[in-house]
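Student: Sharing a structure, written as structure tokens. Questions coming.
Values in this text are rule-based calculations from the coordinates and carry no lab data. Predicted, not measured: the structure shown is a model, and the values here were computed from it. Reconstructed Cβ throughout: ideal geometry from the backbone, glycine too, with neighbour counts over all protein chains shown.
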Amino acid sequence: MTRDELAEFDDSVIETVAAEHDIAPAALTDLVRTHQSNVRDLPGVEDIVYEWRNYFHQDPLVGRTEAAYYLALPAHVWDEFAEDMGLSSAERAALLAVHERQARHADGAGVELDRLETDTALVLVRP
């Protein structure tokens, strides 16, 4: 990946979510970084956002900037990521909360916030 995996994640968001979920900010930062890398390295997938936009009934792209995609995905997508990463339920909750909070505070992304009421946010830094 050419861009920093954390480029669109505010330190204050990570620190606040870490405190709320009783996890060290450095540990949560590592989870965010690992997740970003894992999404980009999915085997057999060249452009996951393109794949998801064609696969799901409702287009999951709810906002974007030059630096990131903001998506609203069904919960089962996160279930697969959490399982692949071997996350505890607490780590999973913290990672999802970071994505949710960051998507809701994304300046200039035009995120359709109402979609985050029914689906789960995922912020994906663009390569």
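Student: If amide H atoms are built 1.01 Å from N in the plane of the peptide, which residues on other chains or at least 5 residues away come under 5 Å of the amide H of LEU73?
Tutor: THR120, ALA121, LEU122
Student: Can you list the HN-Hα couplings for region 69-76, worked out from phi with the Karplus curve (6.51, -1.76, 1.60; θ = phi - 60°), rounded to whole Hz and with x for Gly and Pro?
Tutor: Along region 69-76, the couplings run 9, 10, 10, 10, 10, x, 4, 5 Hz.
Student: Charges only on Cβ, +1 for Lys and Arg, -1 for Asp and Glu: so what's the dipole of region 11-125 about the Cα centre, in debye to the nearest 20?
Tutor: The dipole of region 11-125 has a size of about 140 debye.
Student: Another one. Can you order the peptides 103-116, 62-75 by their average number of other Cβ atoms within 10 Å per residue, highest first?
Tutor: Ranking, from highest mean packing down: 62-75, 103-116.
Student: How much length would be gained if the chain were fully extended between GLN58 and ASP11, taking 0.36 nm per residue of separation minus their Cα-Cα distance, in nm to one decimal?
Tutor: Net length gain for the segment: 13.8 nm.
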